[in-house]
Amino acid sequence: MSLSRNDVAKVGLLARLALSETDLDTMTRELSTIVGFVSQLEQIDTTDVAPLAHPLDTQNVFRADIPQPSLTTAQALQSAPRHDGECFLVPAVLGDSGAN
Amino acid sequence: MQPSDMSAVDLVTAVRHGDLTALRATEAFLERIERLDGQINAFLSVDREGALRTAAAIDEKRKAGQPLGPLAGLPVAVKDALCTFDQPTTCASKMLAGFRPPYDAEVVARLRAADAVIVGKTNMDEFAMGGSNENSAFGPVHNPWDLTRAPGGSSGGSAACVAADMAPVAIGSDTGGSIRQPAGLCGITGLKPTYGRVSRRGLVAFASSLDQIGPMARSAADCALLLETIAGHDPGDATSLESPVPPYGADLDGPLEGVRIGRVPAHFGAGLDPEVAHAVEEAFAAFRAAGATIIDIDMPHADAGVATYYLVAPCEASSNLARYDGSHYGHRAQPGRLHPVEPGGHRAEPGRLHPAQPGRLHPAEPGGHRAEPGKGSGASGGGFESALVEMYCRSRAEGFGPEVKRRIMLGTYALSAGYYDAYYAKALKVRRLIRQDYLDAFEKVDLIGGPVSATAAFKLGEKSGDPLAMYLVDLYTVCTNLAGVGGISFPCGFTKGGLPIGFQLQAPALAEPLLLRATDRYQHLTDWHRRRPAIAARPR
């Protein structure tokens, strides 16, 4: 099983990871090896086996819909790269704004 | 006896009886950290002032006749994957360099409530991804038994600091062996509890259906002491179990008559180092002599464990680590050339932690066409579809190290359209078969024994160039997490070269009392766990 450079580039975009040309080469080689290894699972017969996402038989947990104490705005913003005291600030989503 | 030579059980007893002050105990370990950690690099941060202040307050409390917590005066080192509101929490990543969480992890809160003294945060593989500690953005940990060797990982700092007596106990986390494997390679005792036994709230998430926090110490008795405090239901973790917490420490050193221990012949295949195989067989013999019955069992899908794990864990990681996008906390890339820095902008951490950018970074396009950074003006343009996406992509590229990127990429690929069924869904089906192996085995035996790792500690740099070789290190440990059961590792011998060899016991869900009792019994019959590395024995 080998991945193409294009496959890896597409995954990089999905994963929101900027990859340099060198990164792309390395990642294509390494991911191909790893995907080749994990592909051994194909050989295991899993007919009629249900997927197991969680190890124990846990059930969804609900609590009463009552507001509880939580982080203050100041606490939530304390490590933000940029904020205005009320909101997290990020670069513009639309247009080619230079704000960052 | 120096406080640093005392067991955790003896330390808390001495403090409670007034034979030792919390301050003196804390100072003794801080001194050792100061003296030894320059060579070992087990700590990412040491909270000397905070620890001494806490210790003094505990001594005051005792003087005033106030009740003391069960861990009063016990210095504890905490893996840097657990949030501490008063100390940095970095996960050994540039992404979180200098990050101060706004709250304590549940386990940390329980330690504080029990009057433990948190001395510092320990080094680890970045975001707990790795088996050698070489993936730390802040340098590898050196194995106290041989400074040229890896301590294992990802809780390598926690294992090394206990092995070198820089802390009597430490907290680790285990997603595929990250407590048990470093405990084995550093000659200490480490317990991965049943999934859900210990709250994960405030543990930086790696793979949420596998992650579990546990104690690392010099003996099963000390692990039991720590587990009693950290285990238990937490409404803040919906997957934490409601079962009551038994008094783990009260039920130790019981007889092993009638206990059935499974031995998996396939564990002793070609890849297992002969010295490790010998020590493990000797441990089986010791258990047999202690009254246990050893029964050969088959775990038919164990061979598929590593492949299953390296799909399930990266898939969960790719989702969990999506939160590091430079928006809310953690590293944000400086605006690119076309985006001048705004006067008011500031960054989450000092820029000097980041190496100079190696060339231009740009999103690679599926068509192989390379985009000019910052040039695109729309979603379908040649560059990033927006300044926001550019900020995400560049912040993550700068903040994450190579192994974390590899796993994010692998998980994203395995979850992407067209591959989900072939990889992720397939792995979940095999996961069920692996769990069924355990359910079947525990019909016949009470515990499963065997090696923790195929070899003793390997050289730093020996495997770091080959990701797949490093993944195979997890062979004996990943299935425990996939099945959600508990496992413990402890020393059962040494190589001719003087490196510790670990033995692993696994038990059904919530059978921690039996895991601890069997290990404690073994540690009453042997003294492997009492051996200290030369670096720890060196006089002041």
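The values are calculated or read from the model by the stated rules, or taken from the named source; none is laboratory data. Because the structure is a prediction, the values reported are computed rather than measured. Counting neighbours? That spans all protein chains shown, and the Cβs are built from the backbone with ideal geometry, glycine included.
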Flagged in the range B:15-31 as closer than 20 Å to B:Pro215 by Cβ and crowded, with 19+ Cβ neighbours inside 10 Å, in numbering order, are B:Val15, B:Ala22, B:Ala25, B:Thr26, B:Phe29
Can you tell me how many residues within the range B:106-126 are more than 20 Å from B:Arg53 (Cβ to Cβ) and of a type in the set (A, V, I, L, M, F, W, C)? 2
Those residues that are β-branched (Val, Ile, Thr) and at positive phi, I need them from the range B:153-202; list them, please. none
Enumeration of residues in the range B:152-189 that are within 9 Å of the chain's Cα centre (by Cα) and among the acidic types (Asp, Glu): B:Asp174
Unmet criterion (only one of (1) out of contact with any Leu (no Cβ under 6 Å at 6 or more places or on another chain); (2) under 28 Å from B:Gly202 (Cα atoms); (3) part of a helix (DSSP H, G or I)) for B:Val78: (3)
Sole residue being closer than 30 Å to B:Leu499 by Cα and of a type in the set (D, E, K, R), chosen from B:Arg218, B:Arg197, B:Arg201: B:Arg218
When you scan the range B:295-328, how many residues do you find that are surrounded by 16 or more Cβ atoms within 10 Å (Cβ to Cβ), in contact (Cβ under 8 Å) with a residue 12 or more places away in the chain and more than 29 Å from A:Leu31 (Cα to Cα)? 1
What number of residues within the range B:422-436 satisfy the criterion of being buried (at least 21 other Cβ atoms within 10 Å of the Cβ) and under 11 Å from B:Met299 (Cβ atoms)? 1
Suppose we filter the range A:16-28 for residues that are without any contact (Cβ under 8 Å) to a residue 24 or more places away in the chain and more than 11 Å from B:Arg406 (Cβ to Cβ); how many remain? 8
Those residues of the range B:204-221 which are closer than 22 Å to B:Met124 by Cα, touching a helix residue (DSSP H, G or I) at 6+ places or on another chain (Cβ under 6 Å) and not in a loop (DSSP other than H, G, I, E, B), in sequence order: B:Ile213, B:Pro215, B:Met216, B:Ala217
For the range A:4-100, which fully contained helices (runs of 4 or more DSSP H) count at least 2 residues that are at the interface with chain B (Cβ under 7 Å from one of its Cβ atoms), crowded, with 17+ Cβ neighbours inside 10 Å and of a type outside the set (Ser, Thr, Tyr)? A:5-14, A:21-38
Is it fair to say B:Ala286 is more than 18 Å from B:Thr194 (Cβ to Cβ) and either in contact with an Asp or Glu (Cβ under 9 Å, 6 or more places away or on another chain) or not charged (D, E, K, R) (or both)? yes
Of B:Leu475, B:Leu482, B:Leu510, which residue is under 22 Å from the mean Cα position of the chain (by Cα), touching a residue at least 60 places away in the same chain (Cβ under 8 Å) and more than 19 Å from B:Val264 (Cα to Cα)? B:Leu510
Candidate set from the range B:399-428 (those that are of a type in the set (D, E, K, R) and at the interface with another protein chain (Cβ under 7 Å from one of its Cβ atoms)); member that is farthest from B:Arg332 (Cα to Cα): B:Lys426
Extreme residue, modelled with the lowest pLDDT, among residues of the range B:329-350 that are surrounded by 21 or more Cβ atoms within 10 Å (Cβ to Cβ) and facing chain A (nearest Cβ under 7 Å): B:Ala348
Every residue in the range B:51-74 that is in contact with a Gly (Cβ under 9 Å, 6 or more places away or on another chain) and either at pLDDT below 95 or closer than 28 Å to B:Phe127 by Cα (or both), please. B:Ala51
B:Thr148 fails exactly one of the following numbered conditions: (1) surrounded by fewer than 24 Cβ atoms within 10 Å (Cβ to Cβ); (2) in contact with a helix residue (DSSP H, G or I) (Cβ under 9 Å, 6 or more places away or on another chain); (3) β-branched (Val, Ile, Thr). What is the number of that condition? (2)
Filter the range B:89-139 down to the residues that are surrounded by fewer than 24 Cβ atoms within 10 Å (Cβ to Cβ), not hydrophobic (A, V, I, L, M, F, W, C) and not in a helix (DSSP H, G or I) and list them by number. B:Gly98, B:Arg100, B:Pro101, B:Pro102, B:Tyr103, B:Asp104, B:Glu134, B:Gly139
